[in-house]
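The values are calculated or read from the model by the stated rules, or taken from the named source; none is laboratory data. Here the structure is a predicted model, which means the values were calculated and not measured. Note: ideal-geometry Cβ built from the backbone for every residue, glycine included; neighbour counts use all protein chains shown.
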Amino acid sequence: MLQDKVILITGANRGIGLATAQVCIALGATVLLAGRNEVQLELVAEQLGERAIAMCYDLTDETQVKQAFAHIKQHIGHLDGLVNNAGMMHNAPAAMTSLDSLQQQLTLNTVAAFQHIQLASRLMRKPGCGRVVNLCSIVGERGAAGQSAYAASKAALTGITKSLAKELAAQQICVNAVAPGFIDTELHSDFSDKQRENIINTVGLGRMGTPREVADLISFLLSDHAAYITGQIIGIDGGMQL
């Protein structure tokens, strides 16, 4: 389904990013694993095999990002897909949220994603093959108490997704997003048992989602099966009610 496609995945060393890399490789793609932790990326690349390539750079450093894409252009020549998965979440009431915390989340969750789409779209030249999938969030779509900064960064990414879907359609590049709910990743690792129970009680299916379930949806959006889908924010939250 992804045979011979080249896909760049940010934050690919764990969680949803790692699960997406595993699924994409199983479906025949070559995957570029992007992130800052060189040791983890190299370990993941070794585990995934020869079609996994580690690319270590700071996703929030404009110059390093440009250099990474120049490397892709020189050594690979093109991209078929981009998954903007890397992100951070700081939970705090608005009154306790520093501007520095807000800026950090906007920089990684929003600005870095925008720059990656900007540069990746220039390498998506094969007709009908360009795919961008952004990781938005149910919080960005519906809001959540204590997560206003995170919600702002993800809501902005929703706007970017819908706008660039219109802008890049002429180049046959499809831009979509998935909006996960409560998924079993390190993003929620500091939640107490009581917090987890309270959130799960809002989920219609009565459980957390898995990274693999999100990865399966992402891989579909990267494939030729999704060639007529663009500008969509697809929820994957088990019927969660916030």
**Report entry** Candidate set: the range 28-42, residues that are assigned to a strand (DSSP E or B) and of a type in the set (Val, Ile, Thr); chosen: the one farthest from the chain's Cα centre (by Cα)
**Finding:** 30
Query raised in the report: Filtering the range 44-99 down to residues that are under 19 Å from the mean Cα position of the chain (by Cα) and of a type in the set (Asp, Glu), which residue is surrounded by the most Cβ atoms within 10 Å (Cβ to Cβ)?
Result: 80
Query raised in the report: Is it true that some residue in the range 36-50 is touching a Ser or Thr at 6+ places or on another chain (Cβ under 8 Å), on the phi < 0 side of the Ramachandran plot and modelled with pLDDT of 95 or more?
Result: no
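Residue by residue, here is whether (1) without any contact (Cβ under 8 Å) to a residue 12 or more places away in the chain; (2) in contact with a helix residue (DSSP H, G or I) (Cβ under 7 Å, 6 or more places away or on another chain) holds:
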{"residue": "96", "(1), (2)": "yes, no"}
{"residue": "106", "(1), (2)": "no, yes"}
{"residue": "110", "(1), (2)": "no, yes"}
{"residue": "125", "(1), (2)": "no, no"}
{"residue": "136", "(1), (2)": "no, yes"}
{"residue": "140", "(1), (2)": "no, yes"}
Report summary line: Within the range 167-209, residues being in a helix (DSSP H, G or I), under 22 Å from the mean Cα position of the chain (by Cα), farther than 26 Å from residue 231 by Cβ and free of Cβ contacts under 8 Å to residues at least 24 places away in the same chain number 1
Query raised in the report: Of the residues in the range 133-166, how many are part of a loop (DSSP other than H, G, I, E, B), of a type in the set (S, T, N, Q) and within 20 Å of residue 100 (Cβ to Cβ)?
Result: 1
Query raised in the report: So residue 157 fits all but one of (1) under 28 Å from residue 202 (Cα atoms); (2) modelled with pLDDT under 95; (3) not hydroxyl-bearing (Ser, Thr, Tyr); what number is the exception?
Result: (2)
Query raised in the report: Which of the residues belonging to the range 100-120 are closer than 23 Å to residue 23 by Cβ and either surrounded by fewer than 19 Cβ atoms within 10 Å (Cβ to Cβ) or touching a strand residue (DSSP E or B) at 6+ places or on another chain (Cβ under 7 Å) (or both)?
Result: 113, 116, 117, 120
